[in-house]
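Below you'll find the structure, written out as structure tokens, and then a few comments.
The values are calculated or read from the model by the stated rules, or taken from the named source; none is laboratory data. The structure presented is a predicted model; accordingly, all values stated were derived computationally and were not measured. In this analysis, Cβ positions are derived from the backbone assuming ideal geometry, glycine residues included, and neighbour counts consider all displayed protein chains.
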Amino acid sequence: MLLADMARPAGRRTPDRPTGALAKRSIHVSDVRRARELIAGVDHESVADFFAALADPNRLRIVHVLLQQEMCTSDLAVTLSIGEPLVSQHLRVLRDLELVESRRAGRVVYYSAPNREVGRVLAMGLKLQGNEADSRLGRPLTAGRAEATA
């Protein structure tokens, strides 16, 4: 019989006495319970999807540009020096997560990133990594479209 077992009356549990798998590994049961309560009911999967979408450098660049101005797929492709099919794939991921919106003007589809909170997250990430964050990232779009060139 262990010394710890002798100090406690037989068959009696203390409120913090762990049971099951928790009993084998946890030292601070009340901390574990508090931590479990903290994360309960939070949709961590959708938050992870959000950060995963921004984890791709091209998607991050697309969001960065679209926070400042709306652009069509062709212009984004030229801006980023990547193919239009790749831009379209990135835009689909961003649309699915509602990070970008689109509007049709005739045969051309223009994209924008209207969520200013995303801009604040991007600005914070840039700042944390020692980059100069554009102070406009968290502000609403105000500039109009320039005319297309032939």
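Please tell me if LEU126 is surrounded by 12 or more Cβ atoms within 10 Å (Cβ to Cβ) and in contact with an Asp or Glu (Cβ under 8 Å, 6 or more places away or on another chain). Considered against the rule, which asks whether it is surrounded by 12 or more Cβ atoms within 10 Å (Cβ to Cβ) and in contact with an Asp or Glu (Cβ under 8 Å, 6 or more places away or on another chain), LEU126 comes out as yes. In the stretch 61-73, the qualifying residues are those that are closer than 17 Å to GLY125 by Cα and crowded, with 17+ Cβ neighbours inside 10 Å, and the one that is nearest to the chain's Cα centre (by Cα) is VAL63. For the stretch 79-123, the set of residues classified as in contact with an Asp or Glu (Cβ under 9 Å, 6 or more places away or on another chain), more than 18 Å from ALA48 (Cβ to Cβ) and hydrophobic (A, V, I, L, M, F, W, C) consists of ALA113, ALA123, listed by residue number.
Could you figure out which of (1) in contact (Cβ under 8 Å) with a residue 24 or more places away in the chain; (2) within 14 Å of the chain's Cα centre (by Cα) isn't true of MET124? Of the numbered conditions (1) in contact (Cβ under 8 Å) with a residue 24 or more places away in the chain; (2) within 14 Å of the chain's Cα centre (by Cα), the odd one out for MET124 is (1). Only one of the numbered conditions (1) out of contact with any Ser or Thr (no Cβ under 6 Å at 6 or more places or on another chain); (2) at pLDDT below 95; (3) surrounded by 12 or more Cβ atoms within 10 Å (Cβ to Cβ) is not met by LEU76, and that is (2). Which of the residues spanning the stretch 79-88 are loosely packed, with under 13 Cβ neighbours inside 10 Å and either on the phi < 0 side of the Ramachandran plot or touching a Ser or Thr at 6+ places or on another chain (Cβ under 9 Å) (or both)? Listed by number, the residues that qualify are GLY83, PRO85. Take the conditions (1) touching a Pro at 6+ places or on another chain (Cβ under 8 Å); (2) modelled with pLDDT under 95; GLY119 misses just one of them, which is (1). Taken over the stretch 41-57, the criterion of being surrounded by fewer than 17 Cβ atoms within 10 Å (Cβ to Cβ) and either in contact with a Leu (Cβ under 6 Å, 6 or more places away or on another chain) or touching a residue at least 40 places away in the same chain (Cβ under 8 Å) (or both) is satisfied by ASP49, PHE50.
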